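Chemist: Got a structure for you, written out below as structure tokens; questions coming shortly.
The values are calculated or read from the model by the stated rules, or taken from the named source; none is laboratory data. Every value quoted in this text rests on a predicted model; they were computed, and no experiment measured them. A quick note on method: Cβ atoms are made from the backbone with ideal geometry, for glycine too, and the neighbour counts reach across all protein chains shown. The accessibility values were calculated without ligands, DNA or RNA, using every heavy atom of the protein model including side chains. Shrake-Rupley method; radii C 1.70, N 1.55, O 1.52, S 1.80 Å.
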Amino acid sequence: MGQTLKPGPVKRTIREGPGLGFYFPGMMWRRARSSAGVNIRKLSTAVRRRIEDEGDWSYASEWWGTESEGHTVLRSTSDKGNGVVSVVAYPSSKPSELHWASTERWLQKRYEEIHGCLDQNDRFRVLGYQWRALRFNDDTRQSTVKVLAAYRQSEPGVFAVMQQPHCLAVPYLKSMISAGLAAIASCDYNLMDAVTGNESMRILCIGHGGGSLPLFLASKIQGAVVDIVEIDPLVISASVKAMGFPAFSVVTPSGKRAVSKPDTMDEVLWKGIHERLFLYESDAEEFILNNTSLYDMIFIDAIDGEDIFPHKLWDPHSPFLKALSNRLHPEHGTVVVNLHSDTEILNPDGSAPSILQQTLPMGKYISGVCRAYKDVVVGNGSSCGGKDSGLGFTVSVPWVCNTSLVVCRGFGVKGGHSNRDVIMNTLISKSFELENVLNLPFSCLQYIKRGFIVVD
């Protein structure tokens, strides 16, 4: 095993050296390029000016480069099937330096709310922003996040790294969120009460990566309590040490927090969010079989270092799928799965051409995955919780070769489940509500309409 998780605060000393890459080589925290963009955060139920999406695909060129074009922050070998795991840093152009002062004021205000006033000569300062890309075997870009580095003037040699929860750099995450939340909102689930914190929303994320998905959900939905399952301790370590994921979220095998109390800087950055995140090192099947919680939503993003979705996670006869079905809320439970796309290259019988079976290890399974999840989770016409049996659908993800599978219970629309257009229009209508309620920086529409297919 390479590096293992050593729970602790996310503060880093500038002189920590090249082992984790937190010292200051010239390019690491390069000044951001100037920009005329303005970050407007206004919410209106009528006409809303969308805030700037710092995770827009147009910025992908900043972090899509080779490892040699960035700075390797962490690199080690996994013994859990992910091969060589590395985190590579690239400069980010957004937010521009013009907007750093507002972030410094936000940090100052957060500190004073929690710990009282700072000394007049002690102020927070933004050091810069970076992209951090998590890679498996140097080729697979497992996830990408944006991080902020900040420090206090009283401790100029120490800085904290904070992942930016509003920034979703990889399109498939936006697809999973758009399609999944629109689906559960169409199942008579009161998402507004969860968003405002009036009701609790239990969410399970299988597969952690850099942690963008659970962090986004916990920051946008005040009632969200998010369990996260990750089999590889090296991935957990990378997300906390190098990608700015809250250290307080990590849970030990005994079920207790690995860090008994967050330090001052962690509280400033994450208070109100990290208390609702629970990151477990566990095999997914083991976790779901030994768990008694009932989840409103389950997100699955568990493709390994060889780009393969493990067979035991979609085998219709496996203990995993049956247990997962039992852990879903019977009236509105919703599952969202990230898959590799093969809809444009399959043979008429649904199989992958033999010439592609070696290059697309996941693609040849996609139709089987969809059928397995729909049959086990909602059945073939039977009822769940006294409501309609629900449905399954897939959508194609723009710009990348991924497909989002959504299977939900209790989805009922006039015209019947076989009416594709009615189903899609229902989802689109809910997606517009989502954009306003969550103040999303991106439109859900393209992530619901593109390649929409109802699973038979």
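Chemist: Length gain on complete extension for the stretch Thr264 to Ser102, per 0.36 nm per residue less the alpha carbon to alpha carbon distance? Before the final figure, lay out the partial values.
Modeler: Values: separation 162, 0.36 × 162 = 58.32 nm, distance 2.04 nm.
Value of the extension gain: 56.3 nm.
Chemist: Ordering Glu230, Glu69, Glu275 by accessible area with a probe of 1.4 Å, largest first, what comes out?
Modeler: Result, largest first: Glu69, Glu275, Glu230.
Chemist: How big is the antiparallel share of DSSP beta bridges in the range 204-285, given as a percent to the nearest 5?
Modeler: 10 percent
Chemist: Note down the accessible area of Thr292, probe 1.4 Å, to the nearest 10 Å².
Modeler: Accessible area of Thr292: about 120 Å².
Chemist: Sticking with this one: Give me the one-decimal nm value for the distance between modelled label points at Leu289 and His317, 7 Å along each residue's Cα-to-Cβ direction.
Modeler: Between Leu289 and His317, the simple spin-label model gives 1.6 nm.
Chemist: Let me ask another. In Å², and per residue, what accessible area does the range 189-310 have when probed at 1.4 Å with the other protein chains present? Write out the running numbers ahead of the final one.
Modeler: Working: 3880 Å² over 122 residues.
Result: 32 Å² of accessible area for each residue.
Chemist: Give the aspartates and glutamates reachable from Lys449 as a straight Cα distance under 17 Å; neighbours fewer than 8 places away on the same chain don't count.
Modeler: Leaving aside aspartates and glutamates fewer than 8 places away in the same chain, those within reach of Lys449 are Glu344, Asp421, Glu433, Glu435.
Chemist: Where in the range 64-87 does the label zone of Asn137 land, with the point 7 angstrom along Cα→C-beta and an amide N cut-off under 20 Å?
Modeler: 65-68, 75-87
Chemist: How far apart, in nanometres, would the label points at Asp456 and Lys271 be if each is projected 7 angstrom from Cα along the Cα-to-Cβ direction?
Modeler: 5.7 nm
Chemist: How high is the relative contact order of the range 109-193, given as a whole-number percent (alpha carbon pairs under 8 Å, six or more residues apart)?
Modeler: 20 percent
Chemist: If you don't mind, another one. With a 1.4 Å probe and all protein chains kept in place, how do Trp57, Trp106, Trp314 rank by accessible area, largest first? Please report the intermediate quantities before stating the final value.
Modeler: Working: Trp57 60, Trp106 100, Trp314 30 Å².
In descending accessible area the options line up as Trp106, Trp57, Trp314.
Chemist: Let me ask something else. Cut-off 11 Å, label point 7 angstrom out along Cα-to-Cβ of His115: give me the residues of the range 264-291 whose amide nitrogen falls inside.
Modeler: Taking a point 7 Å out along Cα→Cβ of His115, the residues of the range 264-291 whose backbone N falls under 11 Å are 264-269.
Chemist: Which order do you get for His317, His340 if you rank them by accessible area with a 1.4 Å probe, largest at the top?
Modeler: Descending order: His317, His340.
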